[in-house]
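Notes follow the structure.
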Amino acid sequence: MLAHSNGIEDEPADESDGFAASGGILTVDLTALRANYARLRQEATGAEVAGVVKANAYGLGIEPVAKALWAEGCRTFFVAQLCEALELRPLLPDADIFVLNGLASGTEEAAARRNIRPVLNSLPQIRAWSALAAREGGRLPAAIQVDSGMSRLGLSGQEVEAVAADSALLAGIETRLVMSHLACADEPAHPANKAQLESFRRLAALLPKAPLSLANSAGVFLGPDFRFDLVRPGIALYGGRPLAGERANPMRPVVRLEARIVQLRHVPAGAGIGYGLSAVAEQAMRLATIGIGYADGWPRRLGNHIAAFAGARALPMVGRVSMDSIILDIGDAPLGDGDLVDLIGQNQDVDAVAGAADTISYEILTSLGRRFARRYIGESA
Ligand SMILES: *Cc1c(COP(=O)(O)O)cnc(C)c1O
């Protein structure tokens, strides 16, 4: 077994498992995922480290990811929507599961029945959860989110004051967490971080005493003031760079994306390449067409822009990205039909791909499509 320098082991795919039926293989290294969780726990020095597994664990697969995080000691999980929580509950019967977007009106009972906890973001959400608790004659656990300066989700300062002034509003609610979210955590020097920290402290002090949570992945690295009782990393678990800028990524890569060569050809000087003939061969070229495209989540704007890799050798993408294929300039690289080339791997991490596409690693990962064969390696439990 070869060890790649990015830590993702090169176990040959077992073609009998259907990998050859897909245009590409997405390999998720669960050992690296667990190592990233452990690394964040070390960094968080005493704060509980939850796992954010919304959007199918950032596209990597909620079941293997959530189970591996549980095996590493993670007990609290965040998803965005109730449907995601309903999928997660049978996988982790004993986990604390929070729904970041709160609950749509009418879905409270379905959530409560499965011990799923809403993040209550608004007064209507608080009233609905309280009303259900009253009907059931008890108290129901939830998180309360306050808006500390991002204007996205959570109670405004005024609403927090209204809640503080009317004890009946929270009477049915067992406040398990008071949380907020940072708008600029990936830019450590941004003045909004400190402003949000102060606003969060002030608002949380008006609410029932409960564990506090402010930090996402980047927030974990902003220093001890930002960590409170629980941190909520997502992207860093999956190997994404938590902080912007030049500093080395402290996380281990978790994802490797390979695509299969479906055809090789020689073209003469002057040949037009791909849709719109946006590239033209200046000299005779050797091309390889790989069987993935924008329908798999590879950004169309990366046509003529970035390379695939065979080992350390760059194979520039020429012409536009098609729905199901991309053309590579492979020169004299010793490649043949059916060979796999790396799109995300040791020579090009997910942040490099995102940078070239003028987006963020989150969007690249969550876009990676359903056609890839997904392969899980490493220690899951
Ligand atoms: C998505 C999300 C997170 C995780 O953010 P990362 O930047 O991926 O670590 C944490 N908290 C909230 C409220 C979120 O929406």
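The values are calculated or read from the model by the stated rules, or taken from the named source; none is laboratory data. Source: prediction; values computed, not measured. Neighbour counts are summed over all protein chains in view; Cβ atoms, including those assigned to glycine, are modelled from backbone coordinates with ideal geometry. Calculation scope for accessible area: heavy atoms of the full protein, side chains included, ligands and nucleic acids excluded. Shrake-Rupley method; radii C 1.70, N 1.55, O 1.52, S 1.80 Å.
A few notes on this one:
- Pairing each residue of the stretch 235-259 that is without any contact (Cβ under 8 Å) to a residue 12 or more places away in the chain and closer than 17 Å to Arg375 by Cβ with any residue that is outside any loop (DSSP other than H, G, I, E, B) and away from the ligand (no atom under 11 Å from the Cβ), provided the two are 6+ apart or on different chains, yields no C-beta distance under 6 Å.
- Scanning the stretch 191-249 for residues being more than 25 Å from Ala55 (Cα to Cα) and polar (S, T, N, Q) gives a total of 3.
- Of the residues making up the stretch 66-81, those that are within 16 Å of the ligand (Cβ to nearest atom), farther than 24 Å from Gly106 by Cβ and not polar (S, T, N, Q) are Ala66, Leu69, Cys74.
- Output for the stretch 239-248, where each listed residue is farther than 14 Å from Ala44 by Cβ and either exposed (fewer than 15 other Cβ atoms within 10 Å of the Cβ) or within 11 Å of the ligand (Cβ to nearest atom) (or both): Gly240, Arg241, Leu243, Gly245, Glu246, Arg247, Ala248
- Residues in the stretch 181-205 that are within 25 Å of Ser167 (Cα to Cα), among the aliphatic types (A, V, I, L, M) and out of contact with any strand residue (DSSP E or B) (no Cβ under 9 Å at 6 or more places or on another chain): Ala205 only.
- A search for C-beta distances below 6 Å between a residue of the stretch 222-234 that is over 10 Å from Ala44 (Cβ atoms) and any residue that is within 12 Å of the ligand (Cβ to nearest atom) and open to solvent by 20 Å² or more (accessible area, probe 1.4 Å), counting only pairs 6+ apart in sequence or on different chains, returns Arg232/Asn216.
- Considering the stretch 185-197, the residues that are within 25 Å of the chain's Cα centre (by Cα) and of a type in the set (Gly, Ala, Ser) include one that is farthest from the ligand (Cβ to nearest atom), namely Ala189.
- Failed item in (1) crowded, with 19+ Cβ neighbours inside 10 Å; (2) over 21 Å from Ile261 (Cβ atoms), with Tyr362 passing the rest: (1)
- The residues listed here are Glu84, Glu63; of these, the one that is of a type outside the set (S, T, N, Q), away from the ligand (no atom under 14 Å from the Cβ) and in the same structural domain as Ile144 (by TED's automatic domain parsing) is Glu63.
- Scanning the stretch 249-273 for residues that are loosely packed, with under 13 Cβ neighbours inside 10 Å and either under 30 Å from Pro233 (Cα atoms) or not basic (Lys, Arg) (or both) gives Gln263, His266, Pro268, Ala269, Gly270.
- Odd one out for Pro224 among (1) away from the ligand (no atom under 11 Å from the Cβ); (2) under 24 Å from the mean Cα position of the chain (by Cα); (3) open to solvent by less than 20 Å² (accessible area, probe 1.4 Å); (4) not aliphatic (A, V, I, L, M): (3)
- Positions within the stretch 250-284 being away from the ligand (no atom under 14 Å from the Cβ), in a loop (DSSP other than H, G, I, E, B) and under 29 Å from Gly51 (Cα atoms), in sequence order: Arg252, Pro253
- Total residues in the stretch 166-184, condition out of contact with any Pro (no Cβ under 7 Å at 6 or more places or on another chain) and within 16 Å of the ligand (Cβ to nearest atom): 7
- Test result for Arg135, within 16 Å of the ligand (Cβ to nearest atom) and either in a helix (DSSP H, G or I) or surrounded by 19 or more Cβ atoms within 10 Å (Cβ to Cβ) (or both): no
- Any chance Ala142 is of a type in the set (A, V, I, L, M), modelled with pLDDT under 95 and either open to solvent by 60 Å² or more (accessible area, probe 1.4 Å) or within 24 Å of Ala50 (Cα to Cα) (or both): no
- Within the set Ala236, Ala215, the sole residue that is open to solvent by less than 20 Å² (accessible area, probe 1.4 Å), within 16 Å of the ligand (Cβ to nearest atom), in a loop (DSSP other than H, G, I, E, B) and touching a Lys or Arg at 6+ places or on another chain (Cβ under 6 Å) turns out to be Ala215.
- All positions within the stretch 1-41 that are aromatic (Phe, Trp, Tyr) and at pLDDT 90 or above: Tyr37
- Any hit, the stretch 198-212, residues being open to solvent by less than 60 Å² (accessible area, probe 1.4 Å), away from the ligand (no atom under 14 Å from the Cβ) and acidic (Asp, Glu): no
- Gly276 being open to solvent by less than 30 Å² (accessible area, probe 1.4 Å) and either touching a residue at least 12 places away in the same chain (Cβ under 8 Å) or under 19 Å from Val119 (Cβ atoms) (or both): no
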